[in-house]
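Read the structure below first, then the notes.
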């Protein structure tokens, strides 16, 4: 197993368990709170993975859970991702709700056969008699200066696999609400946690007002063009919209939140309202999620489009070394260049 990279120190897990109301949490804290609340409310929930117990995970998302709920409910496993997911399949088949952590995105690849052959297919294989209510948490994407195997954008693999829900929150509030929804779901969920957003802070309303799996949201309204993003690309899209406003252009930003199921209604309504769209993702462009979004928007909104839908994506290369990471990640300038290319009337 590859040694973990030197990442910025993770935020502590507190504050925890405020009675109700709106609290300010980092995404790491919001995820920790979601797991804590799920463990407290449902005795069938268990959390396990590499270093998630006493250490609290590489990013401290599970900090304090073993101390509070014991080693039976939150525990460490051997360095064997296929075994972690395989054990979760057996638990879910027998009435439990396992939440497993893959530690880093590319660490999940040894478990990919389990995910594709069993996690995604069990309900169909048993004609609906056996569900797998389990969550596979994947700290994913770039922005932390990690090396190969520690930074990757793997969402297309999961999104292409029928039988899986694929979620990617961009705010602490959605991280909490979507993780609670994922744990409660009767079907398996791949929960993609943007590593670079673990330390971002925002208001979280408790009790949660869950958005529901498969629901996108308009983060910023605009009239000239629509930016479509999810997970780590949402802050980039919002920054680009703010920069465009200073230049006299009004950009709308849609946060997908859920890659699968996909919210065609919200996305297409937003695109039709502006007539122009740019899709922003960190993952590679070729055969990626961005290509599917472009196809869906073009098929459904063709008569409303004033220009072809553009994409701003990561490069079609293996993930680069930390010193070159900024070339790989979509930035504000690349997004604005794509907006400028939308065939504006002179």
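So for the stretch 279-346, averaging the separation of alpha carbon pairs under 8 Å that are six or more residues apart and normalising by length, what relative contact order in percent results?
Reported as a whole number, the value is 38 percent.
Give me Rg over Rh for the stretch 114-246, both radii from the alpha carbons and Rh done the Kirkwood way, two decimal places.
My calculation puts Rg/Rh at 1.01.
As an exercise, take the mean of 1/r over every pair of distinct alpha carbons in the stretch 217-340, invert it, and state the Kirkwood radius in angstroms.
14.3 Å
What fraction of the DSSP beta bridges in the stretch 178-302 is antiparallel, stated in percent and rounded to the nearest 5?
25 percent
Helix 264-274 versus the longest principal axis of the chain: what angle, 0 to 90°, nearest 10, using Cα atoms?
30 degrees
If you count, for each residue, the other Cβ atoms within 10 Å and average over each peptide, how do 216-222, 40-46 line up from highest to lowest?
Top of the packing list down: 216-222, 40-46.
Relative contact order of the stretch 21-206: what whole-number percent is it, with Cα pairs under 8 angstrom and at least 6 residues apart?
Normalised by residue count, the contact order of the stretch 21-206 is 28 percent.
Measure nothing but the geometry: give the 0 to 90° angle between the long axis through the Cα atoms of 289-301 and the longest principal axis through the Cα atoms of the chain, rounded to 10°.
Its long axis makes an angle of about 50 degrees.
What percent of all Cα-Cα pairs in the stretch 21-206 falls in each 10 Å bin, counting up from 0?
Calculated over all Cα pairs of the stretch 21-206, the distribution is 10, 40, 38, 11, 0 percent.
Angle check, please: helix 172-184 long axis (alpha carbons) against the longest principal axis of the chain (alpha carbons), in degrees 0 to 90, nearest 10.
Compared with the principal axis, the helix lies near 50 degrees.
Springs between alpha-carbon pairs under 10 angstrom, Gaussian network model over the chain: which of 287, 156, 92 fluctuates most?
287
Just from its helices, what would the mean residue ellipticity at 222 nm be for the chain, if runs of 4 or more DSSP H residues each count -39500 (n - 2.57) and the sum is divided by every residue, rounded to the nearest 500 deg cm²/dmol?
Per the formula, -9000 deg cm²/dmol.
Once both labels are modelled 7 Å past Cα along the beta-carbon direction, what's the residue 243-residue 306 spacing in nm?
With each label placed 7 Å out from Cα toward Cβ, I get 2.2 nm.
7 Å from Cα along Cα→Cβ at both residue 272 and residue 71: what's the point-to-point distance in nm?
5.8 nm
Among bridges DSSP assigns within the chain, what percent are antiparallel (round to 5)?
Close to 25 percent.
Stretch residue 334-residue 126 to full length: gain in nm at 0.36 nm per residue minus the Cα-Cα span?
70.2 nm
Quick one: compute the contact order of the chain, relative version, from alpha carbon pairs under 8 angstrom and 6+ residues apart, as a percent.
16 percent
Sort 91, 96 by Cβ crowding within 10 Å, fewest neighbours at the top.
Sorted ascending by nearby Cβ count, the order is 96, 91.
Bear in mind that the values in this text are calculations on the coordinates, not laboratory data. None of the values given here were measured: they were computed from a predicted structure. Here Cβ is always computed from backbone atoms with ideal geometry, including for glycine, and neighbour counts include all displayed protein chains.
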